[in-house]
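Just below is one structure, and these are the notes that go with it.
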Amino acid sequence: MLSKVYRPQEVEEKQYARWEEAGAFACGQTEGQPYTIVIPPPNVTGSLHMGHALNNTLQDVLIRFQRMRGRDALWQPGTDHAGIATQMVVERQLAEQGTDRRDMSRDAFIAKVWKWREESGGTIIDQLRRLGASCDWERERFTMDDGLSQAVLKVFVDLYKQNLIYRDKRLVNWDCKFQTAISDLEVEQRDVNGHLWHFKYPIDGEEGRFITVATTRPETMLGDTGVAVHPDDERYADLIGKYAVLPLVGRKIKIVADLHADPEQGSGAVKITPAHDFNDFEVGRRHDLEMVNIFDAHGNLNEMVPAAYQGMERFAAREKVVADLEAQGLVAEIEDHQHTVPYGDRSGVVIEPWLTDQWYVDAAELAKKPIEAVERGETRFVPQQWEKTFFEWMRNIQPWCISRQIWWGHQIPAWYAPDGKVFVEKTEEEARNAAKIHYGKDVPLERDPDVLDTWFSSALWPFSTLGWPEETPELKRYYQTDVLVTGFDIIFFWVARMMMMGMHFMEEAPFHTVYIHALVRDERGQKMSKSKGNVIDPLHLIDKFGADALRFTLSAMAAQGRDIKLSENRVEGYRNFATKLWNAARFCEMNVCLPSDDFEPGNCRETVNRWIVGETARASEKVTQALDAYKFNEAANAAYQFTWGTFCDWYLEFSKPLLTEGGELAREETRACAAWVLQQILKLLHPFMPFITEEIWERQAGPKNSMLMQQDWPGSSAIPIDSEADAEMAWVIELISDVRAVRSESNVPAGARIPMRLLNGNAETLRRLEANDEVIRRLARLDSVETEGGVPTGSVQIVIGEATLVLPLAGVIDLDAERARLRTQIDKHAGEIAKIDKKLANANFMAKAPEHVIEEQRDRRNDADATRAKLAEALERLSAAG
RNA sequence: GGGCGCGUAGCUCAGCGGGAGAGCACUACGUUGACAUCGUAGGGGUCGCUGGUUCAAUCCCAGCCGCGCCCACCA
């Protein structure tokens with residue numbers, strides 16, 4: 001016997017273990033068409049947050065759905081080594097122990113990271129299990145696995161040899177905290193309230209004359225090598241070609257004409273620091289200005305500045321520069337100024353444009369095929385609007401800086417000869433051989449110490465996890481994958497790059513669909529973040545309400561194109577839904593509703609059963625179509641509505657008389673039918689609520705070893721819709737609802753049984769009334785039902801179709817209130833009729849509206865008119881009576 | 001400066017050319033043998049504003065007003 005409430009804690013672990021023991025998550029168990037999703041690999045350092053919960057719930061819904069449909073489902077799991085993030089974590093641990101990675105060898109440090117991963121890297125995987133994720137765990141991969149590392153080496157070497165990877169010296173975004181280059185995407189622009197300092201630079205050889213420049217970064221003036229003015233700016237026309245003397249430094253710097261200088265901005269003259277500003281770099285290049293690098297890797301001033309500033313931290317230097325210039329009377333003005341400043345997204349420190357040698361991918365070239373693929377529709381985005389974002393970025397893409405000056409990651413397979421020549425090969429041995437051929441002798445080689453951007457290996461994920469570059473059967477069978485499910489925040493970081501690598505190396509897009517879901521925010525719409533303290537921990541919700549409730553909530557709220565504002569009481573509501581389902585199953589159990597192999601949904605005799613069978617088919621259809629269209633919310637809501645609103649609220653109530661008082665035939669049919677519908681419900685809900693549905697399935701029915709997750713998805717086409725049964729039950733429902741409403745409005749005690757009289761019913765109505773007598777009495781709480789007689793004084797009258805229901809409530813009802821109620825109803829219908837009449841009288845409408853719309857309007861008008869007439873009669877009788 | 005999205009019931013949101021919806025909250029009644037994590041009934045909305053297209057607009061188009069996000073080197 002099922003308990004009164006569902007207790008997730010007692011079920012989730014057990015059912016998950018059953019699935020795993022049965023190997024039910026493994027791919028390759030059927031000959032069906034493959035269906036593949038690769039998981040966005042969470043960082044090994046990570047723990048499950050709401051974004052993961054949403055992302056993985058949606059993937060699991062799709063995977064379980066398709067698996068039940070007979071597809072050979074592969075959900076490929078794994079984790080990402082997350083270069084900088086992971087190195088940070090381990091470095092922090094070292095710091096706590098009072099040591100530093102620089103105190104140990106690179107190998108020793110890397111060994112430490114691996115050890116850390118062994119010990120705590122599996123957290124998120126276990127948490128995904130708690131969520132119910134049906135990943136093929138046997139196939140779990142890690143971006144630093146041997147196989148995946150081989151893929152990385154091959155890709156790097158091949159792209160290098162195809163001139164799509166190259167080394168270049170240019171300005172990079174330098175992270176002074178981690179002392180590594182980072183890519184454009186890892187830089188976030190923040191609005192900052194700063195200042196605009198106006199400095200006066202003396203003109204060389206012209207005593208007392210100055211040119212004023214403005215800057216937000218005074219310290220960089222120590223690296224100025226020029227001043228630019230607009231060629232058409234008359235104020236400075238005579239200065240072009242002359243020199244200014246850089247204060248504090250004494251260097252003569254050229255005044256050049258460049259279109260970059262905007263006469264409208266500031267003074268119209270711009271200081272040029274080619275080594276520390278992306279714009280100035282270009283200006284400097286155009287005018288052949290010197291590049292003076294004034295910073296070291298920490299962002300401190302180096303030996304290229306006057307001794308007084310050497311070794312100073314950059315922001316301390318800023319203050320000193322301003323003070324020193326002020327002392328010399330060279331500060332013309334200091335304005336408050338709001339501007340954007342680049343910060344490292346992980347380090348949180350100001351990024352310094354810094355001139356270094358780095359490795360780059362020719363992204364513009366690699367972007368070509370992905371752009372075409374999306375244009376052709378070979379890969380489509382859902383919702384489609386994200387294509388624009390994708391195109392926008394891909395068409396303006398910049399070289400991708402892939403080298404990082406850290407230790408944790410894939411070390412770049414490049415070796416340098418003493419003369420600086422580089423040899424790129426998969427192994428040191430191959431590099432030596434290449435060098436030997438080149439030089440005609442053995443030369444010592446030194447390996448590039450840098451590692452690759454984490455996203456470089458993630459970009460290969462859809463094929464590297466399947467065994468590439470080996471031509472494995474899995475690669476052949478499961479690539480191209482089907483859908484990629486991810487958030488919009490990593491379209492550039494990840495989706496675009498998987499497209500580039502997939503198209504280049506596999507010559508086929510890595511997935512045919514990219515489903516982009518929203519962000520999960522807190523209930524006030526704020527982005528969840530640790531610093532704001534508004535993070536809702538999915539594990540907390542799972543503990544409190546169950547994984548199914550959380551999953552259902554996220555699915556039901558995952559409408560396309562809108563962020564999810566999650567609140568705990570929403571989850572509570574869906575926990576209640578789980579309880580409702582549980583109790584429906586409990587009802588079935590108590591009434592011995594067992595699935596029967598003999599039950600044929602199409603052959604029911606009882607009208608209620610014929611009706612619910614059709615409703616089930618409709619619900620299945622809705623859920624299936626919605627899931628096919630990635631409309632998770634519609635699918636979840638359709639299943640919810642059917643389960644609660646149709647099955648529990650009506651069908652189970654209708655079934656009660658048949659189960660307890662019906663003849664044996666009817667009872668057996670109803671038992672089997674209720675069991676069958678419940679099974680269909682369990683199937684429809686399983687992708688969303690795998691645990692509770694599997695638990696009920698196990699208890700209720702299935703033969704051993706037959707798990708719900710392995711059942712066939714409900715098909716709807718074979719199930720007949722019986723329109724006569726539909727009409728009859730719709731009539732019964734309307735009658736019961738109307739009587740209930742009147743009782744409630746008339747303050748009839750809920751427990752009181754009252755008589756009812758149905759007058760003027762036609763033969764079909766009388767038949768329906770008779771056939772559903774027991775149900776109507778029960779649910780409308782009636783004691784007697786008559787079909788003849790008059791309208792006693794003080795009766796309430798309800799119009800339903802051609803018939804009038806009479807509830808003799810003399811002494812109970814307030815006659816004035818009842819008259820008012822009837823008048824209101826009459827007015828409502830009259831208003832409706834007037835509106836439709838106006839339409840029907842409109843020649844344009846009649847001429848241009850489609851026939852079926854006109855027909856519909858006529859029908860509605862006639863129905864309303866008939867009802868109004870009946871109501872008017874009722875009002876007349878009431879008035880006559882009293 | 002470009003691009004995207006959002007303004008519908010008190011709250012959170014569906015719907016998106018022909019009858020305004022859900023969940024929660026609220027009100028009243030209710031221990032009717034599955035379920036009080038429940039049942040029954042009810043109140044509550046000029047669908048941001050202004051124009052346009054259309055026989056018909058919450059839905060399509062334009063403008064405006066409010067919000068949010070993404071991208072971009074503006075001193």
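In table form, for the structure just shown:
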read-out: Members of segment A:377-396 found to be in contact (Cβ under 8 Å) with a residue 40 or more places away in the chain and either assigned to a loop (DSSP other than H, G, I, E, B) or not hydroxyl-bearing (Ser, Thr, Tyr) (or both), listed by number; value: A:378, A:379, A:380, A:381, A:382, A:383, A:385, A:386, A:390, A:393, A:394
read-out: Pick from segment A:198-208, criterion more than 10 Å from RNA strand B (Cβ to nearest atom) and at pLDDT 90 or above, ranking: nearest to residue A:333 (Cα to Cα); value: A:200
read-out: Count of residues meeting criterion [open to solvent by less than 20 Å² (accessible area, probe 1.4 Å) and within 50 Å of the chain's Cα centre (by Cα)] in segment A:248-266; value: 2
read-out: Segment A:494-547: number of residues that are among the aromatic types (Phe, Trp, Tyr), modelled with pLDDT under 95 and out of contact with any Ser or Thr (no Cβ under 8 Å at 6 or more places or on another chain); value: 1
read-out: Residues being hydroxyl-bearing (Ser, Thr, Tyr) and either over 22 Å from residue A:660 (Cβ atoms) or within 7 Å of RNA strand B (Cβ to nearest atom) (or both) - total across segment A:584-599; value: 0
read-out: Test set (1) open to solvent by 70 Å² or more (accessible area, probe 1.4 Å); (2) away from RNA strand B (no atom under 16 Å from the Cβ); (3) within 19 Å of residue A:181 (Cα to Cα) - residue A:304 fails condition number; value: (3)
read-out: Segment A:572-583 residues that are closer than 11 Å to residue A:545 by Cβ, paired with ones that are of a type in the set (Ser, Thr, Tyr) and more than 6 Å from RNA strand B (Cβ to nearest atom) (beta carbon under 6 Å, 6 or more apart); value: A:574/A:553; A:578/A:6; A:579/A:6
read-out: Condition met for residue A:107 (among the acidic types (Asp, Glu), over 27 Å from residue A:77 (Cβ atoms) and modelled with pLDDT under 90); value: no
read-out: Top-ranked residue of segment A:7-26 - restricted to ones that are under 28 Å from the mean Cα position of the chain (by Cα) and open to solvent by 50 Å² or more (accessible area, probe 1.4 Å), ranked as nearest to residue A:67 (Cα to Cα); value: A:20
read-out: Complete set of residues in segment A:761-786 that are surrounded by 18 or more Cβ atoms within 10 Å (Cβ to Cβ) and more than 16 Å from RNA strand B (Cβ to nearest atom); value: A:761, A:765, A:768, A:769, A:772
read-out: Selection status of residue A:361, away from RNA strand B (no atom under 13 Å from the Cβ) and aliphatic (A, V, I, L, M); value: yes
read-out: Selection count, segment A:620-648, where residues are more than 21 Å from residue A:382 (Cα to Cα) and touching a Leu at 6+ places or on another chain (Cβ under 7 Å); value: 3
read-out: Residues satisfying the stated conditions in segment A:277-300, i.e. open to solvent by 60 Å² or more (accessible area, probe 1.4 Å), within 13 Å of RNA strand B (Cβ to nearest atom) and within 21 Å of residue A:344 (Cα to Cα); value: A:278, A:279
read-out: Residues of segment A:584-598 satisfying the condition of being touching a residue at least 24 places away in the same chain (Cβ under 8 Å), in a loop (DSSP other than H, G, I, E, B) and open to solvent by 30 Å² or more (accessible area, probe 1.4 Å); value: A:591, A:592, A:594, A:595, A:596, A:598
read-out: Those residues of segment A:98-135 which are closer than 15 Å to residue A:45 by Cα and open to solvent by 70 Å² or more (accessible area, probe 1.4 Å), in sequence order; value: A:112, A:114, A:115, A:118, A:119, A:126
read-out: Qualifying residue in segment A:220-242 (condition: touching a strand residue (DSSP E or B) at 6+ places or on another chain (Cβ under 6 Å), within 23 Å of residue A:321 (Cα to Cα), surrounded by fewer than 20 Cβ atoms within 10 Å (Cβ to Cβ) and in contact (Cβ under 8 Å) with a residue 60 or more places away in the chain); value: no
read-out: Candidates A:218, A:231, A:247, A:274 - the one that is within 17 Å of residue A:342 (Cα to Cα) and more than 9 Å from RNA strand B (Cβ to nearest atom); value: A:218
read-out: Restricting segment A:561-583 to residues that are over 24 Å from the mean Cα position of the chain (by Cα) and more than 7 Å from RNA strand B (Cβ to nearest atom), the residue that is surrounded by the fewest Cβ atoms within 10 Å (Cβ to Cβ); value: A:582
read-out: Any hit, segment A:873-882, residues being among the aliphatic types (A, V, I, L, M) and within 14 Å of RNA strand B (Cβ to nearest atom); value: no
read-out: Which listed residue is surrounded by 14 or more Cβ atoms within 10 Å (Cβ to Cβ) and away from RNA strand B (no atom under 14 Å from the Cβ), from A:317, A:332; value: A:317
read-out: Residue within segment A:603-618 that is farther than 26 Å from residue A:558 by Cα and free of Cβ contacts under 8 Å to residues at least 24 places away in the same chain present; value: yes
read-out: Segment A:428-467: number of residues that are within 24 Å of residue A:107 (Cβ to Cβ) and open to solvent by 60 Å² or more (accessible area, probe 1.4 Å); value: 8
read-out: Sole residue being in contact with a Lys or Arg (Cβ under 6 Å, 6 or more places away or on another chain) and hydrophobic (A, V, I, L, M, F, W, C), chosen from A:152, A:157; value: A:157
read-out: Residue A:824 vs. criteria polar (S, T, N, Q), out of contact with any helix residue (DSSP H, G or I) (no Cβ under 6 Å at 6 or more places or on another chain) and open to solvent by 40 Å² or more (accessible area, probe 1.4 Å); value: yes
read-out: Residues within segment A:834-859 that are touching a residue at least 24 places away in the same chain (Cβ under 8 Å), of a type outside the set (Asp, Glu) and either within 30 Å of residue A:815 (Cα to Cα) or more than 9 Å from RNA strand B (Cβ to nearest atom) (or both), tallied; value: 0
read-out: Hits in segment A:750-760 (condition: modelled with pLDDT under 90 and either under 45 Å from the mean Cα position of the chain (by Cα) or open to solvent by less than 80 Å² (accessible area, probe 1.4 Å) (or both)); value: A:751, A:752
read-out: Selection from segment A:173-219 of residues that are in contact with a Pro (Cβ under 9 Å, 6 or more places away or on another chain), aliphatic (A, V, I, L, M) and surrounded by fewer than 21 Cβ atoms within 10 Å (Cβ to Cβ); value: A:187
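The values are calculated or read from the model by the stated rules, or taken from the named source; none is laboratory data. All figures in this text were calculated on a predicted structure; none of them were measured in a lab. Here the Cβ is made from the backbone with ideal geometry for all residues, glycine too, and neighbour counts use every protein chain on show. Heads up: the accessible areas ignore ligands, DNA and RNA and are worked out on the full protein's heavy atoms, side chains in. Shrake-Rupley method; radii C 1.70, N 1.55, O 1.52, S 1.80 Å.
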